[in-house]
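The values are calculated or read from the model by the stated rules, or taken from the named source; none is laboratory data. Keep in mind that this is a model prediction, so the values were computed, not measured. Just the protein is used for accessible areas: all its heavy atoms, side chains included, with ligands, DNA and RNA removed. Shrake-Rupley method; radii C 1.70, N 1.55, O 1.52, S 1.80 Å.
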Amino acid sequence: MGNREDLLAGARRCLEEKGWARTTVRDIAAASGVSMAAIGYHFGSREALLNAALVEAMREWGEQIGAAMAAVDEAAPPGERFEALWERLIASIGEHRTLWLANLEAMVQAEHSPELRDELVAGQREGRRGMAAHLVDGDEADIAERDVRTVGSVHLALLLGVMAQWLNDPDQAPTGAEVLAGLRALTARMG
């Protein structure tokens with residue numbers, strides 16, 4: 001690896017171990033084995049390097065969700081598929097806790113970084129489309145914008161909310177079966 005890649009890997013480790021706010025230039029240099037001056041040379045600033053590392057983490061997060069959706073048995077009835085998807089997503093939260101935490105921290109940092117916000121917006125749009133396509137059994141390229149704005153947006157909102165619950169209080173956070181039961185109860189009340 002070159003200095004740039006080493007810096008990204010070091011920044012990523014720091015984000016996972018220390019978080020955004022507590023990561024210093026010195027921490028990144030130590031974790032990457034590269035001089036502090038190289039951060040400025042390759043990225044311009046600590047913030048730009050951390051943004052790049054967060055974007056990389058977000059791509060992995062998206063891949064995790066895609067893999068969870070792809071692993072669901074498409075021949076199963078819709079309710080079983082939805083529950084199985086949620087069981088896989090919830091397992092991913094535990095297995096990749098630092099990626100999920102990086103996602104939450106990225107949302108906060110995006111308030112101060114237009115570049116990071118643009119990356120997150122693009123990822124959310126892609127995520128909504130992919131989730132909608134999976135849930136309505138369509139191809140991403142052909143999915144109706146209405147399904148993206150409704151099914152995809154609501155599913156993304158559920159995912160972020162369940163993720164926050166699992167990160168803060170995993171003992172009381174819902175299971176896949178409880179997410180499905182909760183949705184069924186809500187829709188039954190909506191008439």
Quiz item: Which ³J(HN,Hα) values, rounded to whole Hz and listed in residue order, are derived for segment 83-92 from phi using the Karplus coefficients 6.51, -1.76 and 1.60 in 6.51 cos²θ - 1.76 cosθ + 1.60 with θ = phi - 60°, glycine and proline given as x?
Solution: 4, 5, 4, 5, 4, 5, 4, 5, 4, 4
Quiz prompt | Surface accessible to a 1.4 Å probe, per residue, for the residues of segment 100-191, Å² | solution = 60
Quiz item: How do His155, His134, His42, His112 stack up against each other in accessible area, from largest to smallest, with a 1.4 angstrom probe?
Solution: His112, His42, His134, His155
Quiz prompt | Between helix 3-18 and the chain: long-axis angle, C-alpha atoms, 0 to 90°, nearest 10 | solution = 60
Practice problem: For Ala144, list long-range residues whose amide hydrogen, built 1.01 Å from N in the peptide plane, is under 5 Å from its own amide hydrogen. | Solution: none
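Which value in deg cm²/dmol, rounded to the nearest 500, describes the helix-derived mean residue ellipticity at 222 nm for the chain, given -39,500 (n - 2.57) per DSSP H run of n ≥ 4 and division by the residue count? Write down the numbers at each step before the final one.
On the way: 9 runs with 141 residues, N = 191.
The helix-only estimate for the chain comes to -24500 deg cm²/dmol at 222 nm.
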Practice problem: Once every Cα of segment 79-169 carries one equal point scatterer and solvent is ignored, give the base-10 log of I(q)/I(0) from the Debye formula at q = 0.19 Å⁻¹, two decimals. | Solution: -0.98
Exercise. Return the carbon/sulfur percentage of the accessible area of segment 70-125, one whole number, probe 1.4 Å, all protein chains in place.
Key: 54
Quiz item: Using the Karplus equation 6.51 cos²θ - 1.76 cosθ + 1.60 (θ = phi - 60°), what ³J(HN,Hα) coupling, rounded to whole Hz, does each residue of segment 113-127 give in order, writing x for Gly and Pro?
Solution: 9, x, 5, 5, 4, 4, 5, 5, 4, 4, x, 5, 4, 5, x
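Once the mean 1/r over all distinct Cα pairs of segment 135-191 is inverted, what Kirkwood radius in angstroms do you read off?
Working: mean 1/r = 0.0773 Å⁻¹.
So the Kirkwood estimate lands at 12.9 Å.
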Quiz prompt | Karplus 3J(HN,Hα) series, Hz, for segment 66-82 with 6.51 cos²θ - 1.76 cosθ + 1.60 (x for Gly, Pro) | solution = x, 5, 4, 5, 5, 7, 7, 5, 5, 7, 5, x, x, x, 5, 5, 4
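Which order do Thr187, Thr98 take by accessible area at a 1.4 Å probe, largest first? Show your work: numbers first, answer last.
Working: Thr187 95, Thr98 55 Å².
Per-residue accessible area, sorted high to low, gives Thr187, Thr98.
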Exercise. With N denoting the number of residues in the chain, provide Rg(C-alpha) divided by 2.2 N^0.38 Å, to two decimal places.
Key: 1.15
